[in-house]
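Below: the structure, in structure tokens.
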Amino acid sequence: MPKTRSLCYYQANMKQKVVFLIGIVLLFVIIGIIVTVIRSRTPKQGELKVESQPTASVFLDDKHIGRTPIGKTSYKVNPGEYTLKITPDTGSVTLANFQEKIKITPNTLTYVDVSLSESELTTSSYVLGLEKMTGKKSELSVISTPDSANILLDDEPKGITPTVISDLTPGDHTLSLVSRGFITRTIKIKLNAGYRLIAAVRLALAPGGSVLSSADETSSPSAKPSDTAKPTAKITPTKKMSTDPTKPYALIKDTPTGFLRVRADAATKSAELGRIKPGEKYSILDEKNEWFQIQLEATRSGWISSQYAEKVQ
């Protein structure tokens, strides 16, 4: 009898231990499931790095996140689109604020570099961001202000902005943007396999220079130009008139650059025919979406954005 009781006690004790161990395993499984669910619902963050010359305050969607340099070690941001604003300190020289839309993508770095100046036209900057692609090649998307800048990649012409350059070799490269009347900007970039690098570059107006009209663009920039970049044709009104042109006509408004681009079609990516000035008036031939087709010369016409033109009837 004593041996039977000992055996029963041993079996009961073992059952308790097994139940206890099973309970612990189930607890860890439940905790693991909860952690996995929480992580799956938490957006994977991207990294932001901001540098400026001189040092300035940085705001992200009007929230002050510090002073440059931001992200010297690591600054994490949830994915999405943000308005980045850089405000210089008040000093003996008043510098213009910088503001730009940026996009943060998961597990990638967005890099911003700004050289602040006394006006927006003489401020230069570039924003670098990444987008995931399929395949093992790399792509480079280049946007510039002003547009139609010549692109040089490793000193080889690659067209004019805006454009996307495909099937590039991953690794270190040198990107240069050249536009007459503006300071040439050269940037060291790194292309990653399976990613598109987006470079948004703002060129600074050259010292003592001015934004050139198409009439001045009769020669190539000093750097090696793109084979596809052609000087735009000279645009002049049909004649200088003291009276208004035939109605309806477009009265050109003030623009941030001091001129308005005339394009071959009603699209910002269409070829630039030339530039006209605020205060000038041109007869409207047609309308399409947010564009006016205007009469330039007796046999020439072009399209302008209606955002910077008042229709007079």
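The values are calculated or read from the model by the stated rules, or taken from the named source; none is laboratory data. Because the structure is a prediction, the values reported are computed rather than measured. Because the Cβ atoms are built from the backbone with ideal geometry, glycine has one as well, and the counts that use them run over all protein chains shown. The accessibility values were calculated without ligands, DNA or RNA, using every heavy atom of the protein model including side chains. Shrake-Rupley method; radii C 1.70, N 1.55, O 1.52, S 1.80 Å.
Just to be sure before I move on: is PHE182 among the aromatic types (Phe, Trp, Tyr) and at pLDDT below 85 in the structure I sent?
Criteria not met by PHE182.
Any residue in region 248-270 that is more than 22 Å from THR161 (Cα to Cα), in contact with a helix residue (DSSP H, G or I) (Cβ under 9 Å, 6 or more places away or on another chain), part of a strand (DSSP E or B) and open to solvent by 50 Å² or more (accessible area, probe 1.4 Å)?
Checking region 248-270: not a single residue is more than 22 Å from THR161 (Cα to Cα), in contact with a helix residue (DSSP H, G or I) (Cβ under 9 Å, 6 or more places away or on another chain), part of a strand (DSSP E or B) and open to solvent by 50 Å² or more (accessible area, probe 1.4 Å).
With the condition kept exactly as written, say whether any residue in region 138-156 is surrounded by fewer than 18 Cβ atoms within 10 Å (Cβ to Cβ), over 18 Å from the mean Cα position of the chain (by Cα) and part of a strand (DSSP E or B).
yes
Check off (1) at pLDDT 90 or above; (2) more than 30 Å from TYR126 (Cβ to Cβ) for ALA12 and give me the number that stays unchecked.
Among (1) at pLDDT 90 or above; (2) more than 30 Å from TYR126 (Cβ to Cβ), the lone unmet condition for ALA12 is (1).
Take the residues in region 79-100 that are in contact (Cβ under 8 Å) with a residue 24 or more places away in the chain, over 18 Å from the mean Cα position of the chain (by Cα) and over 15 Å from SER125 (Cα atoms), then tell me which one is most open to solvent (accessible area, probe 1.4 Å).
Going through the qualifying residues, I end up with THR94.
Considering only residues of region 294-312 that are without any contact (Cβ under 8 Å) to a residue 60 or more places away in the chain and crowded, with 21+ Cβ neighbours inside 10 Å, which is nearest to THR255 (Cα to Cα)?
ALA309
Going through region 176-195 one residue at a time, which ones are on the phi < 0 side of the Ramachandran plot, outside any strand (DSSP E or B) and surrounded by fewer than 19 Cβ atoms within 10 Å (Cβ to Cβ)?
Within region 176-195, ILE183, THR184, ASN192, ALA193 meet the criteria.
What single numbered condition from (1) modelled with pLDDT of 90 or more; (2) on the phi > 0 side of the Ramachandran plot; (3) crowded, with 16+ Cβ neighbours inside 10 Å fails to hold for ASP62?
(3)
Among the residues of region 118-137, write down those that are modelled with pLDDT of 85 or more, open to solvent by 30 Å² or more (accessible area, probe 1.4 Å) and outside any strand (DSSP E or B).
GLU118, SER119, GLU120, LEU121, THR122, MET133, LYS137
Having 2 or more residues that are in contact with a Gly (Cβ under 6 Å, 6 or more places away or on another chain) and over 23 Å from SER119 (Cα atoms) is the bar; report the strands (runs of 3 or more DSSP E) wholly within region 42-98 that clear it. Outline the logic, then answer.
Details: elements: 46-53, 56-60, 63-67, 80-88.
Passing ranges, in order: 46-53.
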